[in-house]
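Just so you know, all these numbers are worked out from the coordinates, no wet-lab data involved. As the structure is a prediction and not an experimental result, all values here were calculated from the model. Counting neighbours? That spans all protein chains shown, and the Cβs are built from the backbone with ideal geometry, glycine included.
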Amino acid sequence: MSEPNRVRTDETDRWVRGLTPEDVQAIAVVDLQVLARENAGRDFQAAEPLYGVVNCLRSWERLIARMEAGWRRQDYYMVYEYLNDLTVRDAIERLVDTMQPALRAKVERCVGRLDARYREVTHEDGGAELSRYWRRLADGREIRWWWTRCPDELPPGW
C-alpha cells in the first residue's frame, strides 16, 4: 500500500530493477564522486550523496508526476521549489556526461522517457514565465530546453 502523499517514481524504479551488477557498480562510482564534492568543506560528512544518480532521476520524475496529477497533492508549491527541481535536471545532465558509454546510454533512455513526459505537461514559452524568477534565464545565459518551458498548469503558490 502506498502512502497517500507519496509521489510514485515508477519509471525510475523500473529502470533501477533492470540494472546489471556492473551498472550498479558504475553508478556507485559516480555517486562516490558526487558525495566527495558534496562533503567538501562541510563540518559533517554525509554517507550518501543527495544528488546521486538515482536520487536525481527520482526527483525529476516526482516533479513530472506532480504536474501530470495537476498538482493535486500540493497545497502550496512555490516557483523557487520548481526552479530547484529544474536544477536537478541540470545535475542529471552533468552526471550523464561523466559516465561510460554503456551506462550513459541506459541513463539517457530513462531520462528520455521522463523528458518526454515533462514535455507533455509543459509548453515552450522561450523562458518568459521563469525569467521573472531566474536571472540566468532573464539574462539569456540559460538556454537548456527544460528551462524555457512553462508548466501548462501553474501550481498553487506560484
Counting Lys and Arg as +1 and Asp and Glu as -1 over every other residue whose Cβ sits under 15 Å from the Cβ of residue 48, the net charge comes to +1
A student applying the Cα gyration tensor rule (rounded when a/c is under 1.5; otherwise prolate if a/b is larger than b/c, oblate if not) would label segment 1-82 oblate
Which of 17, 58, 109 fluctuates most in a GNM of the chain (C-alpha springs under 10 Å)? That residue is 17
With R₀ set to 41 angstrom, the calculated FRET efficiency between the beta-carbons of residue 36 and residue 153, to the nearest 0.05, is 0.55
By the Cα gyration tensor axes a ≥ b ≥ c (a/c under 1.5 gives rounded; else a/b larger than b/c gives prolate, otherwise oblate), the shape of segment 34-112 is oblate
One finds the C-alpha centres of segment 12-26 and segment 39-98 to be spaced, in Å, by 19
Of the candidate values [x] 20.4; [y] 17.4; [z] 16.8, the one computed for Kirkwood radius over Cα pairs in Å from this structure is [z]
Rounded to one decimal in nm, the spacing of the 7 Å Cα→Cβ label points at residue 44 and residue 108 is 3.8
